[in-house]
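Here the structure comes first, spelled out in structure tokens, and everything after it is commentary.
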Amino acid sequence: MSEVKLAAAVRTEFGKGAARKIRRSGNVPAVVYGHGSEPIHITLPTHQTTLALRTPNVLLSLDIEGKGSELAIPKAAQRDPLKGDLEHVDLLLVKRGEKVTVEIVVETEGDLAPGAFLVENVLNTLSVEAEATHLPESVTVSIEGLSAGDSVHAKDIALPKGAALVTDPEAVVIQILAAQAEEPAAEGDEAAEA
């Protein structure tokens, strides 16, 4: 897992107008909360923050002016629905050694058994608890040789070292379905359509 350093400035203006002004200046408004402390309203550089948020469960080292350095993980990012631009970020304070619950992406590898089968990802992510400075980004599940009717439950997935499953162990994560062929149209139906 990577740690990204970002310079943050404390913000004192709030509201829509202030947020627009912050975004026009190349920054994004954010709030840092957690550990029973008062929320800290900050601005972050938009480009570096956008790049950092591309990594799932990234650990951010925030250099907040006047408050020192803090570690945080992203909890929510609001984006413009049309342009996709970052509009606001919520960050959760963490400490080294602290356990936090995060979502990790489930990826598949391998080939199914010969035949016409489909892979259904029932769950795209799993909730796991891990140490804040060693958060996994994803987990890979082998579907090698599986056929229709087979499924992979959350308890069957090998998690990265130091991660504990929070999702229901009996939850189906991946299931294999038989592909259904479409019935050919009868000759009489084709003539009626023409």
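What follows draws every value from the coordinates through simple rules; no lab data is involved. Note that the coordinates shown come from a computational prediction; the quantities given were computed from them, not determined experimentally. Here the Cβ is made from the backbone with ideal geometry for all residues, glycine too, and neighbour counts use every protein chain on show.
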The convex hull of the Cα atoms of the chain, divided by residue count, gives a volume in Å³ per residue of 191
In the chain, what is the count of Lys pairs whose alpha carbons are under 24 Å apart, counting only pairs at least 8 residues apart or on separate chains?
20
Could you work out the local net charge near Lys67, counting Lys and Arg as +1, Asp and Glu as -1, over the other residues with Cβ closer than 14 Å to its Cβ?
-3
Could you work out the local net charge near Thr140, counting Lys and Arg as +1, Asp and Glu as -1, over the other residues with Cβ closer than 12 Å to its Cβ?
-4
Leading residue at positive end of dipole, the chain (Cβ point charges), from Phe14, Ala72, Ala116:
Phe14
Check: C-alpha center the stretch 1-50 vs C-alpha center the stretch 106-170, spacing in Å is 34
